[in-house]
Amino acid sequence: MSQSVASLLPADPARESGWRAAWTPGEAGASDRLARFALEAIGEYADARDRPGIEGTSRLSPHLHFGEISPRQVWHAAHALARMGGSARTGRGAEAFLRELGWREFACHLLWHFPRTAERPLREEFDDFPWSPDEEALQRWREGRTGYPLVDAAMRELATSGWMHNRARMVAASFLVKDLLQPWLAGARWFWDTLVDADLACNTLGWQWVAGCGADAAPFFRIFNPVTQGAKFDGTGDYVRRWVPELASLPDPVLHRPWDASPSELLQARVELGRTYSARIVDHAEARERALAALATLMR
């Protein structure tokens, strides 16, 4: 763990044991992970990859980053499954996985040809974006204390296991950049320091995609709503209840928006906003308007 993270997170044996429990480094661990994915999950990958509450992704990225398995090996394994007859579902899942592997290679291509993007936006007009650096807001995001359950679950999963589900990464990144107007580079540096699969090319591509300042980026005005994202991709609340256990007893309809829970629902679930669980750091609707107004300054 880097010094910057160590200075912000207290020593926590549970976190370190969480990392050890989640990952088996080395070629044997990589081969086992690929075999498990091929046998158990690739058939559902096209749909399951967006649901953070289940293990629907390959989790091969740390092994790929450290060279414990090569993209070519993974490509050929998935391609063989895609060509196998008998299961359209397996073929569909394998094709979806191959597309994601292609994105990884595209990230490497971009960083090779545009090395400045590790520190600066590819779209140079975003050099003048009016960010609002706020150390307290950044720290609440890092610690999973934003008051938005899906975002907080994502950040706590990262702190505990060194991992964050891809859908959760997009939502957490969008929240930092757009709801909180913090520079994308601050988020990219935190992910670089804390992710077990931290890869400069992929990390840069992902953050610039969310911030709207990279190649084939999502437009800046595409702002993820953490409530609707939670309801859509964690409808049963498994992900939030695992990582934000203080909200576990809230009913499903208000789990992703506890501020809308009735006093009796909060009392029964033993949730006190601002004490047992953080109050919202911002109102998403208001934050969205502020982000769009900031974007408009680049168009003058």
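Nothing in this text is a laboratory measurement; each read-out follows from the coordinates by a stated rule. Small disclaimer: the values here were computed from a predicted structure and weren't measured. With ideal geometry, Cβ positions are generated from the backbone for all residues, glycine too; neighbour counts draw on all protein chains shown.
Where (i) -0.58, -1.13; (ii) -0.50, -0.98; (iii) -0.68, -1.16 are the candidate values, the label of the one calculated here for log10 I(q)/I(0) by the Debye sum over Cα atoms at q = 0.10, 0.14 Å⁻¹ is (i). Once backbone amide H atoms are built at 1.01 Å from N, TYR277 has GLU272 as its partners under 5 Å, excluding neighbours fewer than 5 places away on the same chain.
Among SER70, SER58, SER161, rank each residue by its count of other Cβ atoms within 10 Å, from fewest to most, as a rough exposure measure. Could you put the intermediate results ahead of the total?
Numbers: SER70 12, SER58 22, SER161 18.
Result, fewest neighbours first: SER70, SER161, SER58.
Within the listed set GLN139, GLN208, GLN182, the residue fluctuating most in the Gaussian network model of the chain (springs between alpha-carbon atoms under 10 angstrom) is GLN139.
Here is what passes the span test in the chain: the DSSP H helices with alpha carbon length of 27 Å or more along the helix axis and a Kyte-Doolittle mean of -1.0 or above are 88-113.
Could you tell me which residue out of ALA118, TRP243, THR297 lies farthest along the dipole of the stretch 116-300 toward its positive end? Charges go on the beta carbon: Lys and Arg +1, Asp and Glu -1, centred on the Cα centre. The residue sitting most towards the positive pole is TRP243.
For the pair the stretch 53-76 and the stretch 239-300, the centres of their Cα atoms are 33 angstrom apart. The residue list ALA41, ALA88, LEU98 was ranked by how far each Cα lies along the charge dipole of the stretch 11-113 toward its positive end, using unit charges on Cβ atoms, and ALA88 comes out on top.
Using the Cα centre as the reference, give the magnitude of the dipole from point charges on the C-beta atoms of the stretch 11-113 (Lys, Arg: +1; Asp, Glu: -1; all else neutral), rounded to the nearest 20 debye. Before the final figure, lay out each step's value.
Details: 13 positive and 13 negative charges, 44 e Å.
Computed charge dipole of the stretch 11-113: roughly 220 debye.
Just how large is the dipole of the chain about the Cα centre, in debye to the nearest 20, putting +1 at every Lys and Arg Cβ and -1 at every Asp and Glu Cβ? Write down the numbers at each step before the final one.
Working: 35 positive and 39 negative charges, 90 e Å.
Its charge dipole is roughly 440 debye.
In percent, what relative contact order does the stretch 150-287 have, based on Cα pairs under 8 Å that are 6 or more apart in sequence? Mind showing how you got there, number by number?
Working: 155 pairs, mean separation 30.9, N = 138.
In percent, rounded to a whole number, it is 22.
Entry note, the stretch 11-113: relative contact order of 26 percent, from Cα contacts under 8 Å with a spacing of 6+ residues. I'd like to know which of GLY147, MET164, HIS76 lies farthest towards the positive end of the charge dipole of the chain, counting +1 on Cβ of Lys and Arg and -1 on Cβ of Asp and Glu. Result: HIS76, furthest along the dipole toward the positive end.
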